[in-house]
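Report on the structure given below.
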Amino acid sequence: MGRVEGSIKISPLLITLSHISDLRPRISSIRAEGKSVALVPTMGFLHEGHLSLIRKAKDECDIVIVSIFVNPTQFAPHEDLEKYPRDISGDSERASGAGCDMLFIPSITEMYPDGFSSTVSVNGLSSVLEGEFRPTHFQGVTTVVLKLINIVQPTVAYFGQKDAQQSVVIKKMVNDLNVPVTIVIVPTMREQDGLAMSSRNVYLDPVQRKDAVVLSRSLDLAKSRIVEGVRDPQKIIAEMKELILSTGPATIDYVEIVDADLLKKKDTLIRGESVLIPLAVRFGSTRLIDNIIVTV
Ligand code: PAF
């Protein structure tokens, strides 16, 4: 039987902490023993994508800490903060099964006490692509990620390639601010039919779920066109959009081909370079993102 916190059952195998003051001394003694510490920051509702991060972290580090915090500052007022899926007891079972040693589940007031007034922004990279549609999103992400890194002081922190722009922004923040942590990006996990795993997939109705497979198909199409020798990004983007819109009702926020590090739109594709092809598409009120990196 798991430990019960409020009405939530927590796996007995896991140390679960919600206060920074409890976490800090434990981590200090782990580090004092010369052990490496991995941080896997999440917003919970863990799926195979998260578990692949935890497994990789366990392969590479001695102790794995998974944080679960649905960070309000990265949601705009009209977004899905209130209905964002939550399942702490399921998460604790899954995280423990994948090799997590410690869960950190802070409250909102633990992370943002009264009077909290600091933010971290990565200018430029945060205002393109997702940033055009979610202007305050990345400031929320970078602020909470830097806080989590400062709280846990991990050797390595793991993020998913599915949030490609988030990975680029976090790497830039860590580099610009000399944060002493290694950032590892883990490949996107996909369902059998190609749909990228995401906590938001549960919002899709059965028809939208079927239609959403077109996102990975459109990325495969782009890759094939590049392999065939097409060098005009606009031509590839137009074909991808046509495919997405021909499948069913969908609203495209963006489909772009950009430099993989600087996120600048490409005018032409140059042999040998790596490009990122990110997209965001809405099926009803559910907004999904996906991407692929292609070496031309
Ligand atoms: O990718 C996520 O789940 C979140 O953006 C993160 C990194 C946990 C920050 O809240």
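The values are calculated or read from the model by the stated rules, or taken from the named source; none is laboratory data. Predicted model, so just to flag it, every value in this text is computed and none were measured. Here the Cβ is made from the backbone with ideal geometry for all residues, glycine too, and neighbour counts use every protein chain on show.
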Which residues, counting only those in region 182-198, are assigned to a strand (DSSP E or B) and without any contact (Cβ under 8 Å) to a residue 40 or more places away in the chain?
Thr182, Ile183, Ile185, Arg190
Val168 vs (1) touching an Asp or Glu at 6+ places or on another chain (Cβ under 7 Å); (2) under 19 Å from Ser52 (Cα atoms); (3) buried (at least 21 other Cβ atoms within 10 Å of the Cβ): all pass except (2)
If we ask which residues in region 244-296 are more than 18 Å from the chain's Cα centre (by Cα) and farther than 20 Å from Gln208 by Cα, their number turns out to be 20
Taking region 1-44 only, how many residues are at pLDDT 95 or above, in a loop (DSSP other than H, G, I, E, B) and under 15 Å from Pro106 (Cα atoms)?
4
Test Pro154 against the stated conditions and say whether it is modelled with pLDDT of 95 or more, over 17 Å from the mean Cα position of the chain (by Cα) and either within 11 Å of the ligand (Cβ to nearest atom) or within 20 Å of Arg55 (Cα to Cα) (or both).
yes
Return the residues of region 71-90 that are assigned to a loop (DSSP other than H, G, I, E, B), under 14 Å from His137 (Cβ atoms) and within 18 Å of the chain's Cα centre (by Cα); say none if nothing qualifies.
Asn71, Phe75, Ala76, Glu79, Asp80, Leu81, Tyr84
Restricting region 199-215 to residues that are surrounded by fewer than 17 Cβ atoms within 10 Å (Cβ to Cβ) and not in a helix (DSSP H, G or I), the residue that is nearest to the chain's Cα centre (by Cα):
Val213
Region 114-135: number of residues that are assigned to a loop (DSSP other than H, G, I, E, B) and within 13 Å of the ligand (Cβ to nearest atom)
3
Can you say whether Glu60 is over 17 Å from the mean Cα position of the chain (by Cα), among the charged types (D, E, K, R) and modelled with pLDDT under 95, as far as the supplied structure shows?
no
Strands (runs of 3 or more DSSP E) fully within region 235-296 counting 1 or more residues that are in contact with a helix residue (DSSP H, G or I) (Cβ under 7 Å, 6 or more places away or on another chain) and surrounded by fewer than 16 Cβ atoms within 10 Å (Cβ to Cβ)
251-255
Consider region 158-169. How many of its residues are near the ligand (Cβ under 9 Å from one of its atoms) and either out of contact with any Phe, Trp or Tyr (no Cβ under 9 Å at 6 or more places or on another chain) or closer than 19 Å to Pro106 by Cβ (or both)?
4
Six or more apart or on different chains, Cβ atoms under 6 Å: show the pairs whose first residue is in region 57-82 and without any contact (Cβ under 8 Å) to a residue 12 or more places away in the chain and whose second is surrounded by fewer than 21 Cβ atoms within 10 Å (Cβ to Cβ) and not in a loop (DSSP other than H, G, I, E, B).
Leu81/Pro72
